[in-house]
1. Using beta carbons and a limit of 6 Å, which pairs, at least six apart or on different chains, have the first residue in region 143-157 and of a type outside the set (Asp, Glu) and the second one open to solvent by 10 Å² or more (accessible area, probe 1.4 Å) and not in a helix (DSSP H, G or I)?
2. Quickly run through region 130-154 and pick out the residues that are buried (at least 19 other Cβ atoms within 10 Å of the Cβ) and within 17 Å of Val251 (Cβ to Cβ).
3. Does region 70-85 contain at least one residue that is in a helix (DSSP H, G or I) and in contact (Cβ under 8 Å) with a residue 24 or more places away in the chain?
4. So in region 121-142, with the set limited to residues that are in a helix (DSSP H, G or I) and free of Cβ contacts under 8 Å to residues at least 40 places away in the same chain, which one is nearest to Val245 (Cα to Cα)?
5. Considering only residues that are assigned to a helix (DSSP H, G or I), touching a helix residue (DSSP H, G or I) at 6+ places or on another chain (Cβ under 8 Å) and closer than 17 Å to Pro195 by Cα, which ones fall in region 52-69?
6. Going through region 86-115 one residue at a time, which ones are open to solvent by 50 Å² or more (accessible area, probe 1.4 Å), at pLDDT 90 or above and either out of contact with any Pro (no Cβ under 8 Å at 6 or more places or on another chain) or closer than 15 Å to Ser22 by Cβ (or both)?
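The values are calculated or read from the model by the stated rules, or taken from the named source; none is laboratory data. Source: prediction; values computed, not measured. A quick note on method: Cβ atoms are made from the backbone with ideal geometry, for glycine too, and the neighbour counts reach across all protein chains shown. Accessible surface areas use protein heavy atoms only, side chains included; no ligands, DNA or RNA. Shrake-Rupley method; radii C 1.70, N 1.55, O 1.52, S 1.80 Å.
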Amino acid sequence: MDIFQTIVLALVQGLSEFLPISSSAHLILISKLTNWTDQGLAFDVVVHMGTLSAVIFYYQAMIKSLSFDLYHSIIKRQTIGQSKLAWGVLLGTIPVGLAGVIFKDSIATDFRSVEIIAYATLVFGVLLGFASWFNHRDKNLKSTISWVDIGFVGMMQTLALIPGTSRSGITITACMLVGLSRKLSIQFSFLLSIPVISLSLILILIDLYHQAQLVNVSLLAMGFVVSAISAYVTIVFFIKLIDVVGMMPFVIYRLTLGVFLFLFIL
C-alpha cells in the first residue's frame, strides 16, 4: 500500500461505516475497480479501531450512563433508568454475532460478488425508503424501546452480513418499521455498532494472529487517524442532516449506485 491508497480506503471506511450505504460494499467495489492489492488484515484492524473510537468518543457520556444503569439493574434485578436500552445493545448483538461466526467463510467468499452487492444495494435501499415514509406518517412514534423491538432489530441486523446491505442502514430501517422515533432509531443503531465492530475486530485479530504479515507502522497509524476523524465527522454530519432532509438522499444514492453496478456487470 502507498499513502494514496491508505487515505482513500481509510476515508471510505470512516465515511461509510455509519451512513446507510454499506462500508463493506464500497471497499469491495474500490478493490475491484482499481485492482489495488489487498490492504491486509492489519489495515482492516486499524481502520475498524478508528471507527470504533469515533463512535465511542461521540457517545462517551451516554455510554457511561448506560453502563451505570446496566450495572445497577443487575444488582437490583430491575429496570433502572436506561438499562433496557443498554440490555438492548447487548442482546441485539447476539444474532449477528452468532451468524457472523457460523457463516464466516461464506461471507468472506460467496457473498462478495458485485451482483450480490448490486441486489442488496437496491433491495435494502427501497426498504429504507419505505421505512422512512412509513415512519414519517406515524403520528405516535415511540421514544422508548421494547423487548420485542430489540429482538426484531437484532434479527434484522444479521442481514448486514451481506455486503451492500449496510449495518446502520438495516438497523435504522428496522427501528423505523417498529415505530421508534428517528432520533432513537439512529441512537440505537449507532450504539449497536460498538459491540458489532468490537466482535468483528476480534475475528480479524484471530485471523491476523495466524498470519505472518509485514506491516508499515506509519501507514497503519495514518489509516487509524483518517478513519477515526472521518467517522466522527460523519456521525455529527449525519445526525444533523437527517433532521433537515430525512433519509431520501441516501435512498436515492443507493438506487443510483445499484443501477450503476448492474450496468457495470453487464
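1. Ser143/Ser181; Phe152/Val178
2. Step one: of region 130-154, the residues buried (at least 19 other Cβ atoms within 10 Å of the Cβ) are 131-132, 135, 145, 149-150, 153-154.
Answer for region 130-154, where residues must be buried (at least 19 other Cβ atoms within 10 Å of the Cβ) and within 17 Å of Val251 (Cβ to Cβ): Ala131, Ser132, Asn135.
3. Scanning region 70-85 turns up at least one residue that is in a helix (DSSP H, G or I) and in contact (Cβ under 8 Å) with a residue 24 or more places away in the chain.
4. The first filter runs over region 121-142 and keeps only residues in a helix (DSSP H, G or I), leaving 121-137.
Those still in the list that are free of Cβ contacts under 8 Å to residues at least 40 places away in the same chain too: 123, 130, 133, 137.
Values: Val123: 21, Phe130: 15, Trp133: 12, Arg137: 15 Å.
Only one residue fits best here, namely Trp133.
5. So in region 52-69, the residues assigned to a helix (DSSP H, G or I) come out as 52-58, 60-69.
Add one more test, that the residue is touching a helix residue (DSSP H, G or I) at 6+ places or on another chain (Cβ under 8 Å), and what stays is 52-58, 62-63, 66-67, 69.
Result: Leu52, Ser53, Ala54, Val55, Ile56, Phe57, Tyr58, Met62, Ile63, Leu66, Ser67.
6. Let us first name the residues in region 86-115 that are open to solvent by 50 Å² or more (accessible area, probe 1.4 Å), namely 87, 90-91, 94, 98, 101-105, 108-112, 115.
Keeping just the survivors that are at pLDDT 90 or above gives 87, 90-91, 94, 98.
Trp87, Leu91, Ile94, Leu98 - these are the residues of region 86-115 that are open to solvent by 50 Å² or more (accessible area, probe 1.4 Å), at pLDDT 90 or above and either out of contact with any Pro (no Cβ under 8 Å at 6 or more places or on another chain) or closer than 15 Å to Ser22 by Cβ (or both).
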